[in-house]
């Protein structure tokens with residue numbers, strides 16, 4: 001991926017906590033599976049150029065999604081972690097269909113490296 005050495009925080013929370021973050025920072029209601037807070041953008045990005053940011057994962061939603069998909073919680077957790085890290089690196093599936101395809105391809109490439117089931121994204 002051409003990444004330099006970097007640092008990130010991984011935070012595992014419950015649905016209540018991620019709902020609060022979702023509302024406060026994304027203006028969205030309810031729980032979500034993963035939120036990424038990038039530290040490489042904005043007015044303070046130069047403070048620590050090696051700090052990518054934070055990936056926050058809801059253990060509750062992760063477990064529910066794993067069960068629905070027939071995956072182990074560990075597999076779903078790694079899918080969400082890779083997804084969050086890619087957001088920190090500038091990938092954004094919400095920008096366009098083209099960007100969504102690019103992010104899906106990179107996600108599945110990385111998941112294959114660590115031996116985790118690929119993600120099947122809705123069209």
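Structure notes:
- Size-normalised alpha-carbon gyration radius of the chain, reference 2.2 N^0.38 Å: 1.05
- With neighbour counts taken as other beta-carbon atoms within 10 Å, the residues 28, 76 rank, fewest first, as 28, 76.
- Counting every other Cβ atom within 10 Å of each residue's Cβ, 19, 9 order from fewest to most as 9, 19.
- Over the chain, relative contact order from alpha-carbon pairs under 8 Å, at least 6 apart, %: 22
- Computed [θ] at 222 nm, helices only, for the chain once each DSSP H run of length n ≥ 4 contributes -39500 (n - 2.57): -15000 deg cm²/dmol
- Percent of beta bridges antiparallel (DSSP, the chain, rounded to nearest 5): 40
Read-outs throughout are calculated quantities, based only on the coordinates presented, and are distinct from any laboratory measurement. Every value quoted in this text rests on a predicted model; they were computed, and no experiment measured them. No Cβ is skipped: glycine too gets one built from the backbone with ideal geometry, and neighbour counts run over all protein chains shown.
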